[in-house]
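Scroll down for the structure; my scribbles are underneath it.
Laboratory data are not the source of any read-out in this text; all were calculated from the coordinates shown. All values derive from a computational prediction rather than experimental measurement. Positions of Cβ are backbone-derived with ideal geometry, glycine not excepted, and every protein chain shown enters the neighbour counts.
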Protein chains: 2
Amino acid sequence: MRIAIDAMGGDRAPASVVEGAVEAAKNWSELEIILVGDEQAIKPHLSNQPSNIRVVHTEERIEADDEPVRAVRRKKGASMVMAGRMVREGEADCMISAGNTGALMTTGLLVVGRMEGVERPALAPMIPTMDGKGMLALDLGANMDAKPEHLVQYAIMGSIYREKVHSIKKPRVGLLNVGSEAQKGNELTKVVFPLLEQAPIHFIGNVESRDVLEGACDVLVCDGFAGNVMLKTLEGTAGSLFNVLKQEFTRSWLTKLGAALVMPGLKRLKQTMDYKEHGGAPLLGLNGLVIKAHGSSDGRAVFNAIRQARTALQHNLTETISAEIVRQPSGK
Amino acid sequence: MRIAIDAMGGDRAPASVVEGAVEAAKNWSELEIILVGDEQAIKPHLSNQPSNIRVVHTEERIEADDEPVRAVRRKKGASMVMAGRMVREGEADCMISAGNTGALMTTGLLVVGRMEGVERPALAPMIPTMDGKGMLALDLGANMDAKPEHLVQYAIMGSIYREKVHSIKKPRVGLLNVGSEAQKGNELTKVVFPLLEQAPIHFIGNVESRDVLEGACDVLVCDGFAGNVMLKTLEGTAGSLFNVLKQEFTRSWLTKLGAALVMPGLKRLKQTMDYKEHGGAPLLGLNGLVIKAHGSSDGRAVFNAIRQARTALQHNLTETISAEIVRQPSGK
């Protein structure tokens, strides 16, 4: 298993990327990890280089504020683009990057390439849930507008991912909607609902966004706009509430004492809400596995993303999705 | 000022409705409050009836689980429908109901009637914000799909509402979106953005849902589907977090002690998030004022909805919106 990693992508690159890679290489000797990036910057963090890590040198990189499409087209030697090219040319089985999300989606489309039969690949992050199991939501931003047939493909791809990578036997697939009845929603969801009922998945119907954190399903299907609104509301609400709690808890010595006593519980809650536990977000529907790690990934998050890639490769994720998509009427 | 109130709508009707009405009638002698509903059920709560409250008797009512359109069409004698008819026929200046939201929107459309030039009336609740000022968001569910010109009308109506009812001089109008740049979003938001720049409002650009609770604008414009997803995510996240906190806080006597010490802060936070402080949600774009009070309204929430109606009537809200809509190219 050869995993190409964009060593220069992410807020803490290359240090945290290399740290996670070394940890993973030591842990799983069958992995061959290829760090793509500036050798000068990478080497200092590789003092104790495992034999199953090698560096492919390039000085070019995509910046966080680069315009995605232009950057991918022009910077052909950028670490992210080179990692993508390795997947396309069969030199790597998977690529991981914590860099510019838009550029990675463009790299997926233009460099790695769309899977045959898939019109729109989807970004599928895990949303933390209170039971700690998490929910895969897609699409969360690869495409802002979606047609009904795209949502059906999202459902199939997400379902296979959960089965293969997380060993969930019969993943419950829900449709993000504003009510539980079949006839609820906008034009898109009304058309999609009966299509999902016929798809080769375990469709459990509409799921309201108020039930997401409670783990109402294993795979949540939505268009990129609504999904993004949901995810950012969730993050914003949790962030705002934690901020206010912090202010309230430091108001006096009495509240500080109280806060100290309830701190273990708060920490558990914060950990439940932590994206790092769930690895990165796969881009599903490409000709190879591409994983987007969170921009602020530390070594542990990178390590988890590699673990995730390894599990997906072990279970032939991409091949299984491809076989199922081709079987569908819309995939031909 | 004659305010017709659906005395039978809401989880705690008629008790809480009558309680709020009596309080308001005592407080503002210039009001004439008309309680529409079952006299037998209302009277026991009206032991001390102010002279500016009268009851219009009807036994029919719309239930919480009635199918909205059919119920409004068939139950012509229902308390909600009768209150709507009083507004249409000029016997009341405003109606308030805490009943079935779908039925109230139908009553607004079919009984009270659309304002000339308005294609889609909008439901505009206040979203609590951390600074306590709140944000008016529309549309939050009257129409699931929206065209660009609808969103422009929402913006104008919401802006006038905030100015008239909340005395905000130059309300900041934001467009719910997935990023701050003008070119972000789906097909709808991309087309709407330049139209909002030209509209007679103080448009401040895109607002991401993660900044809603922080009070990023005074009026948030969105289609009913995305808005509903946002609101329910917000409520769901806050609810889930409070639930987990409660569990954590009751884990042992030590955490209970800690919780007791931080409780005043938690209560303040809960109060900030409380819809009751902000009255009801106006249905904007109708031929008269219609206010939806929360289904679980207590007397205080009903009182606040009446206060809100009074302020809107004092400032000629409906007439001002109508004049501005007619002035717009899309309103003719």
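With n ≥ 4 as the cut-off for DSSP H runs, can you work out [θ] at 222 nm for the protein assembly as shown, using -39500 (n - 2.57) per run divided by the number of residues, rounded to the nearest 500?
The per-residue figure over the protein assembly as shown is -14000 deg cm²/dmol.
Within 10 Å of each Cβ of A:261-270, how many other protein chain Cβ atoms are there on average?
Mean shielding by partner chains, rounded to a whole number: 6.
When chain A is treated as a GNM, springs tying every alpha-carbon pair under 10 Å, which of A:Val207, A:Val262, A:Val302 comes out with the largest mean-square fluctuation?
A:Val262
Quick one: 3J(HN,Hα) in Hz for segment B:95-111, Karplus 6.51/-1.76/1.60 with θ = phi - 60°, rounded, Gly and Pro as x.
These are the phi-based 3J(HN,Hα) values: 10, 10, 8, 9, x, 2, 4, x, 5, 5, 5, 5, 4, x, 5, 8, 9 Hz.
What do the square roots of 5 times the Cα gyration tensor eigenvalues come to for segment A:56-130, in whole Å, largest first, as semi-axes of the equivalent ellipsoid?
Listed largest to smallest, the semi-axes of segment A:56-130 are 20, 16, 13 Å.
Let a ≥ b ≥ c be the square roots of the eigenvalues of the Cα gyration tensor of segment B:181-327; is it rounded (a/c under 1.5), or, if not, prolate (a/b larger than b/c) or oblate?
Oblate is the answer for segment B:181-327, as a/c is 1.5 or above yet b/c matches or exceeds a/b.
Spin-label point model (7 Å from Cα, Cβ direction): what's the B:Glu32 to A:Asp131 distance in nm?
Distance between the two pseudo-spin positions: 5.8 nm.
May I have the extent of the alpha carbons of the protein assembly as shown along their three principal axes, as whole Å values ordered from largest to smallest?
Principal-axis extents of the protein assembly as shown (Cα, largest first): 91, 60, 46 Å.
Which is the longest run of chain A containing none of the GluC sites (Glu not before Pro) found in DSSP loop states (not H, G, I, E, B) with at most 12 other C-beta atoms within 10 Å?
A:182-332
Less than 17 Å apart at the alpha-carbon level, and either on another chain or at least 8 residues along: which aspartates and glutamates does that give for B:Lys164?
In chain and number order, the partners are B:Asp93, B:Asp218, B:Glu319, B:Glu324.
So who's got an amide H within less than 5 Å of the one on A:Asp38, skipping anything under 5 residues away but keeping other chains? H placed 1.01 Å off N, in plane.
A:Thr58
Tell me, what is the FRET efficiency for A:Glu59 and B:Ala182 to the nearest 0.05, using R0 = 41 angstrom and their Cβ-Cβ distance as r?
0.75
In whole Hz, with x marking every Gly and Pro, tabulate ³J(HN,Hα) for segment A:52-64 from phi via Karplus 6.51 cos²θ - 1.76 cosθ + 1.60, θ = phi - 60°.
Per-residue couplings from phi come out as 9, 10, 10, 10, 10, 7, 7, 9, 6, 8, 9, 8, 4 Hz.
Could you work out the Kirkwood radius for segment B:1-84, taking every pair of different alpha carbons, averaging 1/r and inverting it, reported in Å?
Across segment B:1-84, the inverse of the average 1/r is 12.9 Å.
For a bin width of 5 Å, list the pair-distance distribution of segment A:195-265 built from all Cα-Cα distances, rounded to whole %.
3, 13, 16, 16, 12, 10, 9, 8, 6, 4, 2, 1, 0
Mean Kyte-Doolittle of at least -0.5 plus a Cα span of 27 Å or more along the axis: flag which DSSP H helices in chain A meet both, please.
Span-like helices here: A:224-249, A:253-272.
Going by the alpha-carbon gyration tensor, a ≥ b ≥ c the square roots of its eigenvalues, is segment A:1-40 rounded (a/c under 1.5) or, if a/c is not under 1.5, prolate (a/b greater than b/c) versus oblate?
prolate
When Cβ neighbours within 10 Å are restricted to other protein chains, what is their mean count per residue of peptide B:202-211?
3
Given label points at 7 Å from Cα along Cα→Cβ, what nm distances, shortest first, separate B:Gly132 from the same residue in every other copy?
Nearest to farthest, the other copies are at 3.9 nm.
Any chance you could run the full-extension gain for A:Asp274 through A:Thr311? It's 0.36 nm times the residue separation minus the Cα-Cα distance, nm to one decimal.
Gain on extension, A:Asp274 to A:Thr311, equals 11.2 nm.
A:Ala15 to A:Leu254: FRET efficiency via 1/(1 + (r/R0)^6), r the Cβ-Cβ distance, R0 30 Å, to the nearest 0.05?
Using R0 = 30 Å, I get an efficiency of 0.15.
For chain A, rounded, prolate or oblate, judged on the Cα gyration tensor with a ≥ b ≥ c (square roots of eigenvalues), a/c < 1.5 rounded, else prolate if a/b > b/c?
oblate
Diagonalise the Cα gyration tensor of segment B:119-248 and give the resulting equivalent ellipsoid semi-axes, square root of 5 times each eigenvalue, largest first, whole Å.
Values for segment B:119-248, descending: 25, 17, 14 Å.
Would you please give the residues with an amide H less than 5 Å from that of A:His202, counting only those at least 5 places away or on a separate chain, with H modeled from the backbone geometry?
HN-HN under 5 Å from A:His202: A:Val173.
Which of A:Lys76/B:Lys147; A:Lys232/B:Lys292; A:Lys246/B:Lys133; A:Lys256/B:Lys133; B:Lys190/B:Lys267 have a Cα-Cα distance over 32 Å?
Checking Cα-Cα distances, A:Lys76/B:Lys147; B:Lys190/B:Lys267 exceed 32 Å.
Quick one: 3J(HN,Hα) in Hz for segment B:172-184, Karplus 6.51/-1.76/1.60 with θ = phi - 60°, rounded, Gly and Pro as x.
For segment B:172-184, the Karplus curve yields 7, 9, x, 9, 4, 8, 9, x, 8, 5, 4, 8, 6 Hz.
Take the alpha-carbon positions of segment A:52-91, form their convex hull, and give its projected area averaged over all directions (one quarter of the hull surface) in nm².
About 3.3 nm², averaged over all directions.
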